[in-house]
C-alpha cells in the first residue's frame, strides 16, 4: 500500500507539473514578442502615482528618472505619507525644477483603514488624468518607453487594467539569487494566467488602470482593513479576461531595490503572501494546484528513491531518477525562455536548486503568513 501511494503521489505530481510548466507557464515562455511600436495618435494624459513613506533617498533617484520618459502628456503625483525624513523638503525643491511634479501630504491615517490604501486613494482622487500608472519609490523604469508601453492597452485598446513586470536589481549572494527566482516564478503565474484571459493578480510596482473605474467601484471597498493588497487584491477582485491586458516587454518593466537581509525579506514576503488568503477561491487554486503537485512530486519522488535504494531495485530507481532529472531540465528551459521574454535577461542561476527549495519556502512561510497578525506596510 505504501509503495502504491508513493507512485500515486509521484504520478499525479508529475502530470500536473508538466501541465503547468509546458502549457500554462509555456504561454509566457513561448510568447512571441511584438517588434512593432505603437503608432497610435491617442496620447492621452497619464498620472504616475507614487506613495512614499520616508523615501527621501529613493525619491531623489526616481523623480529625475521619471521625467526622462519619452511621452508628451504626463505628470507625477507623489503622496507623502506621514514622512518624518526630508521627503517634504525634497518634493518642494523638485517641484521648482519639474513643473509637472505634484504632491499631497498625508498627516494621519484614519483608524479603520490601512495607511498605504489611504495614501493611494487620496493621490488618485486628486490626480489630473484618468490613466493612472503606479510604481514604488524604490523602483526605476527600465527604459524611457515605460509610460508609453505600460499605458498603451488602457489608452489605445479600451482596457481597464494593464499588468506589467517589476524585477529586482541583481547583486551577489544566495538571497538575491533566490529573490530573482521567486520574483520570476510569481511573474510566470500572473502573466501566464493573464495571457490565458484569466488574470488574478498584479504588482503595484508596475500597474496601470483607469481612475474612473477605481472611483466607480469605490476603490478598496471590502478590504480597507487588510495590510497590503492595494495591488493584487484590487486586480483579483475586478480584473477579467476582457478588461485586462498583459504588457510583456522588457522596456515596459521597472526595477526595484532588493532586500539585503533575510529578516527584511521575510517581513516583505509575509505581507505579500498574507494578502493571498483573501483571493477568490478559484484563484487560490491556480497557485494551490501547482504548489500541491510540486510537493507531491518531490515527496513521492524521494520516497520512491529511498524505497528502491533500500530494496536495491536499481532499474526502477533509475527510472524515477530519470523522471526527476527530466523535469529539472524542463524547469531550467522554461525559466530560461520565460526570463528572456519577461526581462530580456538570463534566468537566475541554479533554478533547479531553487525549485527544490521552493518546497519548504511555500509551505512554511506561506503557513506563517496566512496566520500572521502583525503585517505592516511601513
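Laboratory data are not the source of any read-out in this text; all were calculated from the coordinates shown. Everything numeric here is computed off the predicted structure, so don't read it as measured data. Glycine also receives a Cβ, built like all others from the backbone with ideal geometry; neighbour counts cover every protein chain displayed.
Structure above, values below:
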item: The range 38-261: relative contact order as a whole-number percent, Cα under 8 Å and 6+ apart; result: 26
item: Expected 222 nm ellipticity per residue - DSSP helices of 4 or more, -39500 (n - 2.57), all of the chain, to 500; result: -16000 deg cm²/dmol
item: Ranked list, fewest to most other Cβ atoms within 10 Å of each Cβ, for 318, 118, 335; result: 318, 118, 335
item: Label corresponding to semi-axes √(5λ) of the Cα gyration tensor in Å when calculated from the structure given, among [x] 40, 22, 19; [y] 33, 22, 20; [z] 33, 26, 20; result: [x]
item: Whether the range 98-234 is rounded, prolate or oblate, judged on the alpha carbon gyration tensor where a/c under 1.5 counts as rounded; result: rounded
item: Label-reachable residues, the range 1-15, where backbone N falls under 20 Å from a point 7 Å from residue 310's Cα toward its Cβ; result: 1-11
item: The chain - percent relative contact order, Cα under 8 Å, separation 6 or more; result: 23
item: Cα centroid separation - the range 147-213 against the range 245-259, whole Å; result: 6
item: Residue order, fewest to most surrounding Cβ atoms within 10 angstrom, among 174, 278; result: 174, 278
item: Full-extension gain in nm, residue 350 to residue 30, via 0.36 nm per residue minus C-alpha separation; result: 113.1 nm
item: Footprinting exposure proxy for 280, 27, 155 (fewest neighbouring C-beta atoms within 10 Å first); result: 280, 27, 155
